[in-house]
Amino acid sequence: MKLLSTKATCNSHGQDSSYFLGWQEYEKNPYDEVLNPEGIIQMGLAENQLSFDLLESWLDRNPNVAGFKSNDGKSIFRELALFQDYHGLPSFKKALVDFMAEIRGNKVTFDPNHIVLTAGSTPANETLMFCLAEKGEAFLLPTPYYPGFDRDLKWRTGVEIVPIQCTSSNNFQITEPALQLAYQEAKKRNLRVKGVLVTNPSNPLGTTMSRSELNLLIDFIKDKNIHLISDEIYSGTVYSSPGFVSVMEILKERNDLEDCHAPVWDRVHVVYSLSKDLGLPGFRVGAIYSQNDVVVEAATKMSSFGLVSSQTQYLLSAMLGDKKFTKSYISENQKRLKRRQRMFVSGLQKAGIGCLKTNNAGLFCWVDMSHLLHSNTFEAEMELWKKILYEVRLNISPGSSCHCAEPGWFRMCFANMSEDTLNLAMKRLKAFAAAEFNGSSCSKKVTLQLGFPAIVS
Amino acid sequence: MGFGGNSQQLLSKIATNDKHGENSPYFDGWKAYDRNPFHPKNNPQGVIQMGLAENQLCFDLIEEWIRNNPKASICTPEGVHQFRNIANFQDYHGLQKFRNAMANFMSKVRGGRVRFDPDRILMSGGATGANELIMFCLADPGDAFMIPTPFYPGFVRDLCWRTGVKLIPVHSDSSNNFKITREALEEAYKKAKEDNINVKGLLITNPSNPLGTTLDKDTLKSLVSFINEKNIHLVCDEIYAATVFSSPNYVSVAEVIQEVEHCKRDLIHIIYSLSKDMGFPGFRVGIVYSFNDEVVNCGRKMSSFGLVCSQTQHMLASMLSDENFVTTFIEENSRRLKKRHDKFMKGLEEVNITRFPSNAGLFCWMNLKSLLKEPTFEDELKLWRVIIHEVKLNVSPGSSFNCSEPGWFRVCFANMDDETVDVALNRIRAFVGRETKKPVGIKRWQQNLRLNFSSRIFDETTVIMSPHSPIPTSPLVRAT
């Protein structure tokens, strides 16, 4: 009899993928301006480190919240320490839905009674899977998609992912034929499709979904009588046009959704988190928003397995409840992201490298290095990725780890380092790209740190 | 939200079944409390919450420490220079200093008799998340875990709901002091095998909830040798480890494995949390400690689904490595629990309510068999409803703990102040006093008591009242 569960011994946690391997290599040899200037620069982690000073100065102005005290200076440590109600702190939920509305230009509002708090978006996504699907069933996801979904959506739930293949021919937008093809593919694999999950703005593309894509999705789920999950974790990182359009806005606009047998409103669910917009992944703040009462009820009970710490709920209810602060934070954060992205894209251009021209959101660019591949294959992509990791010493994410249908694309993060570090990364990349694409007659053998020889010709 | 029958298929079975266990009586009492909660000034006739195993006795010690250590918070001027590092930290290994401090604390709680390896410490969303996580690591859907009764009702949700694992109760009863015997284990195991159920392990809670007792070394050793022999896992939920307030001393399974010959350490796992020992369930600090490397590896990845907030890790790293504080806290916590326990027991003794002798936990296992008309679970639930709605105490009936004999109730006493304890004891004394004064063979509470109760006063400031002398100035009378 095997000792451990199948889940413990299989690898559908997805952590054997290159996404995580690069991370490991970085851990062994991390760049540090002073201590390790030749080390690997981490460009594989979608973190927002650009606006901490704004949060820190807010804390400075609000000492009571820091010290477990209410506005009138009274200690509320005891109450917070005991608070484990899975319905969440009402003041926090209110502040959170208001923040979410504000990010959407107040074009939609959210009801705090329909929000479920979870310890990050990782459990939010898993919980929705537990509520909406089971073994033998599948969700359709457009490629490329966040590698962590393989773990979050499939691992412990037994649910499958079937890809909706998107291509560079139309900037990786979702098309109707692609949706239908994916649906048929699931059928062939004997999987019952329960829904579609999209990330909007997209990770790894760094683009917002267009209105037509969103309408297409609504048409599709209406027709097939399935769910739509919109992971809007990057909604606050949209820095240029076209602006962010949430699926909730589309639902509001449409007038053909009332007369269905199973209302579409009950089948659309939004996932959110403060890890990217506020740069607080350590605080573990995620949320599920759904109009479906049964889902909210079940998900609320399930949130017991990963509640948001009461200390954090209290702190953030004060911070997000400060409307003056949130307004200026959202706008300043976006400005800084835009500036940083411009800097990055210009650095890429100098290296003769292009990226998705529709890039207008997120903490990364979807970069096209197909011209640097020896052949149009994923093997060549992995070769290139390894060179960039070990030779150029940049940890970036190869498209194959995001299940991209075409080789040569890479996700590169730019908001998790200082400007100086980014400049250095661009310098290294430029040197590498020039050498790679030199087409010169001499061939050089470069022995890498780990003895992995690369022939540069 | 009209869903037709067909659309129920839109959701998973898990979302629509009731295996979350919240339809059990355990939660009904909670709901009654929520509707009418006791407050000494604002609602003195309300229901007193005695169904929640919380430790509210030592907050002052923790608050004092926090006041004296502003650097431990990343939000204070003294600590804000760490804000961005900590706020950004989501590594599922957890802060090294946090794990070091946890290992240190866990060792101290066990009198330093055992050391814990910080690299084996995994984080989870409270003990709730920890128990579910260990099931996902050890068992497949359809597999089973043996569990001695009576056990914490929440286990049905935590161990089974999303994991698909089954529970096999191993019954014990008062005839041998609820001991977990080798015979009972063998019998349960044999029956499971005959029924073609794949038993993956045994889960125990030590100190026990709801019994409030610690396992003696011999019993622990016999459990370890049982699982060794059958090659199944042993999961020990040690969430109440620091609530031991009198002898015998606490023995953790971590101590015993050092003493059992040829012990297969790969089979042993400990669940821990700070919710009971330190009294902060709101901060969600759950720990899985496994002696099995593969489980540590896999469990660490799974902890992504319920990491401990980095802000909390940072604070606890400081607090739990403060040797003076930890030593003082553990001692004082014990002392106050004992004081509270003794006070409560004395009150029960005065009305001849017996309870299971306990040396740990935040509750007592009360024996109300004498108040049952028939020794049935039906009568137990009837009595329970009277206690909730008439005596206005939310206690937990033994049946919700899967107890195999009726008449037992778990009553929590560490989640209130001294005055409320007095009120609760007065109500109990009044109730029992009435029950025992009635003619033999008739149990008064079996009749419809509503009218009688409304004319009676529960004046909590007076001593036991005669059931036959209502005080006309009772606000209850005026209200009806």
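Please indicate, with yes or no, whether at least one residue in segment A:66-78 is within 30 Å of A:Gly243 (Cβ to Cβ) and either at the interface with another protein chain (Cβ under 8 Å from one of its Cβ atoms) or touching a residue at least 60 places away in the same chain (Cβ under 8 Å) (or both). Give the derivation first.
So in segment A:66-78, the residues within 30 Å of A:Gly243 (Cβ to Cβ) come out as none.
Checking segment A:66-78: not a single residue is within 30 Å of A:Gly243 (Cβ to Cβ) and either at the interface with another protein chain (Cβ under 8 Å from one of its Cβ atoms) or touching a residue at least 60 places away in the same chain (Cβ under 8 Å) (or both).
Kindly establish whether A:Leu278 is closer than 26 Å to A:Gln334 by Cα and either free of Cβ contacts under 8 Å to residues at least 40 places away in the same chain or of a type outside the set (Gly, Ala, Ser) (or both). Explain how you work it out, then say what you get.
Working: closer than 26 Å to A:Gln334 by Cα: yes; either free of Cβ contacts under 8 Å to residues at least 40 places away in the same chain or of a type outside the set (Gly, Ala, Ser) (or both): yes.
Taking the combined requirement at face value, the residue satisfies it.
Within segment B:53-76, can you find the residues that are buried (at least 17 other Cβ atoms within 10 Å of the Cβ), within 9 Å of chain A (Cβ to nearest Cβ) and part of a helix (DSSP H, G or I)?
If the condition is that a residue be buried (at least 17 other Cβ atoms within 10 Å of the Cβ), within 9 Å of chain A (Cβ to nearest Cβ) and part of a helix (DSSP H, G or I), then B:Phe59, B:Ile62, B:Ile66 are the ones that fit.
Every residue in segment A:83-102 that is surrounded by fewer than 21 Cβ atoms within 10 Å (Cβ to Cβ) and of a type in the set (A, V, I, L, M), please. Give the derivation first.
The initial filter retains those residues of segment A:83-102 that are surrounded by fewer than 21 Cβ atoms within 10 Å (Cβ to Cβ), namely A:83-87, A:90-91, A:94, A:98, A:101-102.
Within segment A:83-102, A:Ala101 is the sole residue that qualifies.
Do the conditions hold for B:Pro141, that is, is it within 14 Å of chain A (Cβ to nearest Cβ), touching a residue at least 12 places away in the same chain (Cβ under 8 Å) and farther than 21 Å from B:Phe226 by Cβ? I'd like the intermediate steps shown before the answer.
On the way: within 14 Å of chain A (Cβ to nearest Cβ): yes; touching a residue at least 12 places away in the same chain (Cβ under 8 Å): yes; farther than 21 Å from B:Phe226 by Cβ: yes.
In short, yes.
Using beta carbons and a limit of 6 Å, which pairs, at least six apart or on different chains, have the first residue in segment A:289-304 and surrounded by fewer than 24 Cβ atoms within 10 Å (Cβ to Cβ) and the second one among the polar types (S, T, N, Q) and in a helix (DSSP H, G or I)?
A:Ser304/B:Thr128
Quick one: which residue in B:Thr327, B:Thr376 is of a type outside the set (Phe, Trp, Tyr), surrounded by fewer than 18 Cβ atoms within 10 Å (Cβ to Cβ) and under 22 Å from B:Asp173 (Cβ atoms)? Spell out the reasoning first.
Working: B:Thr327 fails: under 22 Å from B:Asp173 (Cβ atoms).
Just a single option satisfies the conditions, and that option is B:Thr376.
Considering every residue within segment B:205-213, establish whether at least one is farther than 30 Å from A:Ser303 by Cβ and at pLDDT 95 or above. Steps first, answer last, please.
Just the residues of segment B:205-213 that are farther than 30 Å from A:Ser303 by Cβ, to begin with: B:213.
From what's left, at pLDDT 95 or above: B:213.
Within segment B:205-213, one or more residues are farther than 30 Å from A:Ser303 by Cβ and at pLDDT 95 or above.
All but one of (1) over 20 Å from B:Arg265 (Cβ atoms); (2) at the interface with chain A (Cβ under 8 Å from one of its Cβ atoms); (3) surrounded by 24 or more Cβ atoms within 10 Å (Cβ to Cβ) hold for B:Ala127, so report the exception by its number.
(2)
If the Cβ limit is 8 Å and pairs must be 6+ apart or interchain, which residue in segment B:60-71 that is within 15 Å of B:Glu323 (Cα to Cα) pairs with which residue that is exposed (fewer than 15 other Cβ atoms within 10 Å of the Cβ)?
Here the result reads B:Leu61/B:Thr328; B:Leu61/B:Glu332, each pair linking segment B:60-71 to a residue that is exposed (fewer than 15 other Cβ atoms within 10 Å of the Cβ).
Modelled with pLDDT of 95 or more, buried (at least 18 other Cβ atoms within 10 Å of the Cβ) and of a type outside the set (Asp, Glu): is that true of A:Asn48 in this structure? Give the derivation first.
Working: modelled with pLDDT of 95 or more: yes; buried (at least 18 other Cβ atoms within 10 Å of the Cβ): yes; of a type outside the set (Asp, Glu): yes.
The answer is yes for A:Asn48.
Output the number of the condition that A:Asn333 fails; it satisfies all remaining conditions of (1) closer than 28 Å to A:Ala431 by Cβ; (2) under 19 Å from the mean Cα position of the chain (by Cα); (3) of a type outside the set (Phe, Trp, Tyr).
Exception for A:Asn333: condition (1).
Does segment A:406-421 hold any residues that are under 23 Å from A:Glu381 (Cα atoms) and surrounded by fewer than 20 Cβ atoms within 10 Å (Cβ to Cβ), and which are they? Before you say what the answer is, go through the steps one by one.
Residues of segment A:406-421 under 23 Å from A:Glu381 (Cα atoms): A:406-414.
Within segment A:406-421, none qualify.
Let me confirm something: among B:Lys200, B:Lys276, which residue is crowded, with 18+ Cβ neighbours inside 10 Å, assigned to a loop (DSSP other than H, G, I, E, B), basic (Lys, Arg) and touching a helix residue (DSSP H, G or I) at 6+ places or on another chain (Cβ under 8 Å)? Spell out the reasoning first.
Working: B:Lys200 fails: assigned to a loop (DSSP other than H, G, I, E, B).
Matching residue, one of B:Lys200, B:Lys276: B:Lys276.
If we only count helices (runs of 4 or more DSSP H) wholly inside segment A:215-322, which ones have 2 or more residues that are more than 13 Å from chain B (Cβ to nearest Cβ) and at pLDDT 95 or above? Walk me through how you get there before you give the answer.
Values: elements: A:247-253, A:293-302, A:310-321.
Because the criterion is at least 2 residues that are more than 13 Å from chain B (Cβ to nearest Cβ) and at pLDDT 95 or above, the helices (runs of 4 or more DSSP H) in segment A:215-322 that meet it are A:247-253, A:310-321.
Return yes or no: is A:Pro147 over 21 Å from the mean Cα position of the chain (by Cα) and under 21 Å from A:Glu232 (Cβ atoms)? Even if it seems obvious, please write down each step before you answer.
Working: over 21 Å from the mean Cα position of the chain (by Cα): no; under 21 Å from A:Glu232 (Cβ atoms): yes.
Answer is no for this residue.
Please find, among B:Ala127, B:Ala139, the residue that is in contact with a Phe, Trp or Tyr (Cβ under 9 Å, 6 or more places away or on another chain), of a type in the set (A, V, I, L, M) and closer than 30 Å to B:Val395 by Cβ. Before you say what the answer is, go through the steps one by one.
Values: B:Ala139 fails: closer than 30 Å to B:Val395 by Cβ.
Going through B:Ala127, B:Ala139 in turn, the sole match is B:Ala127.
Hey, among the residues in segment A:433-442 that are closer than 23 Å to A:Glu38 by Cβ and either at pLDDT 95 or above or touching a helix residue (DSSP H, G or I) at 6+ places or on another chain (Cβ under 7 Å) (or both), which one's surrounded by the most Cβ atoms within 10 Å (Cβ to Cβ)?
Within segment A:433-442, the match that is surrounded by the most Cβ atoms within 10 Å (Cβ to Cβ) is A:Glu436.
I'd like the full set of residues that are small (Gly, Ala, Ser) and touching a residue at least 60 places away in the same chain (Cβ under 8 Å), limited to segment B:157-183. Before the answer, list the steps.
First, pick out the residues of segment B:157-183 that are small (Gly, Ala, Ser): B:164, B:172, B:174-175.
Once the filter is applied, which keeps residues that are small (Gly, Ala, Ser) and touching a residue at least 60 places away in the same chain (Cβ under 8 Å), segment B:157-183 yields B:Ser172, B:Ser174.
Name the residues in segment A:38-65 that are without any contact (Cβ under 8 Å) to a residue 60 or more places away in the chain and either small (Gly, Ala, Ser) or not in a helix (DSSP H, G or I) (or both), would you?
Selection gives A:Ser57 alone.
Residues of segment A:147-189 being touching a residue at least 60 places away in the same chain (Cβ under 8 Å) and within 23 Å of A:Arg211 (Cβ to Cβ), which ones?
Of segment A:147-189, the ones touching a residue at least 60 places away in the same chain (Cβ under 8 Å) are A:147-148, A:150-151, A:154-156, A:163, A:165-168, A:171-172.
Matches in segment A:147-189: A:Gln165, A:Cys166, A:Thr167, A:Ser168, A:Asn171, A:Phe172.
I'm checking my understanding of the structure. Among residues of segment A:110-131 that are under 12 Å from A:Pro90 (Cα atoms) and in a helix (DSSP H, G or I), which one is farthest from the other protein chains (Cβ to nearest Cβ)?
Step one: of segment A:110-131, the residues under 12 Å from A:Pro90 (Cα atoms) are A:111-117.
This time we only want the ones that are in a helix (DSSP H, G or I), so: A:112-114.
Values: A:Pro112: 18, A:Asn113: 13, A:His114: 12 Å.
So, considering only residues that are under 12 Å from A:Pro90 (Cα atoms) and in a helix (DSSP H, G or I), the one farthest from the other protein chains (Cβ to nearest Cβ) is A:Pro112.
Any idea how many residues of segment B:359-388 are closer than 16 Å to B:Gln49 by Cα and not charged (D, E, K, R)?
Result for segment B:359-388: 9.
Against the condition in contact with a strand residue (DSSP E or B) (Cβ under 9 Å, 6 or more places away or on another chain), more than 14 Å from chain B (Cβ to nearest Cβ), farther than 27 Å from B:Gly299 by Cα and not hydrophobic (A, V, I, L, M, F, W, C), how does A:Pro142 come out, does it pass?
Working: in contact with a strand residue (DSSP E or B) (Cβ under 9 Å, 6 or more places away or on another chain): yes; more than 14 Å from chain B (Cβ to nearest Cβ): yes; farther than 27 Å from B:Gly299 by Cα: yes; not hydrophobic (A, V, I, L, M, F, W, C): yes.
Judged against the criteria, A:Pro142 is a match.
Taking segment B:77-121 only, how many residues are β-branched (Val, Ile, Thr), under 29 Å from the mean Cα position of the chain (by Cα) and either facing chain A (nearest Cβ under 10 Å) or surrounded by fewer than 19 Cβ atoms within 10 Å (Cβ to Cβ) (or both)?
Filtering segment B:77-121 for residues β-branched (Val, Ile, Thr) gives B:80, B:86, B:109, B:114, B:121.
The next check asks that each one be under 29 Å from the mean Cα position of the chain (by Cα); those that pass are B:109, B:114, B:121.
Pick out the ones that are also either facing chain A (nearest Cβ under 10 Å) or surrounded by fewer than 19 Cβ atoms within 10 Å (Cβ to Cβ) (or both) and you get B:114.
Qualifying residue count for the region: 1.
Which one is nearest to the other protein chains (Cβ to nearest Cβ), of the residues in segment A:166-181 that are surrounded by 17 or more Cβ atoms within 10 Å (Cβ to Cβ) and in contact with a strand residue (DSSP E or B) (Cβ under 8 Å, 6 or more places away or on another chain)? Reasoning before the result, please.
The first filter runs over segment A:166-181 and keeps only residues surrounded by 17 or more Cβ atoms within 10 Å (Cβ to Cβ), leaving A:166, A:172-175, A:178-179.
Among the residues that remain, those that are also in contact with a strand residue (DSSP E or B) (Cβ under 8 Å, 6 or more places away or on another chain) are: A:166, A:172, A:174, A:178-179.
Numbers: A:Cys166: 26, A:Phe172: 27, A:Ile174: 22, A:Ala178: 24, A:Leu179: 19 Å.
Checking each candidate, the answer is A:Leu179.
Within segment A:362-381, work out how many residues are within 15 Å of A:Met412 (Cα to Cα), surrounded by fewer than 24 Cβ atoms within 10 Å (Cβ to Cβ) and either touching a Pro at 6+ places or on another chain (Cβ under 8 Å) or not assigned by TED's automatic domain parsing to the domain that holds A:Met412 (or both). Steps first, answer last, please.
Here is the first cut: in segment A:362-381, the ones within 15 Å of A:Met412 (Cα to Cα) are A:362-370, A:381.
Keeping just the survivors that are surrounded by fewer than 24 Cβ atoms within 10 Å (Cβ to Cβ) gives A:368, A:370.
Keeping just the survivors that are either touching a Pro at 6+ places or on another chain (Cβ under 8 Å) or not assigned by TED's automatic domain parsing to the domain that holds A:Met412 (or both) gives A:370.
Adding up the residues that qualify gives 1.
Can you pull out the residues in segment A:182-208 that are buried (at least 16 other Cβ atoms within 10 Å of the Cβ) and more than 18 Å from the chain's Cα centre (by Cα)? Don't jump to the end; show me each part of the working.
Going through segment A:182-208, the residues buried (at least 16 other Cβ atoms within 10 Å of the Cβ) turn out to be A:182-183, A:185-186, A:191, A:193-208.
A:Ala182, A:Tyr183, A:Glu185, A:Ala186, A:Leu191, A:Val193, A:Lys194, A:Gly195 - these are the residues of segment A:182-208 that are buried (at least 16 other Cβ atoms within 10 Å of the Cβ) and more than 18 Å from the chain's Cα centre (by Cα).
The values are calculated or read from the model by the stated rules, or taken from the named source; none is laboratory data. Worth saying up front: this structure is predicted, and the values here are computed from it rather than measured. All Cβ positions, glycine included, derive from the backbone under ideal geometry; neighbour counts span all protein chains shown.
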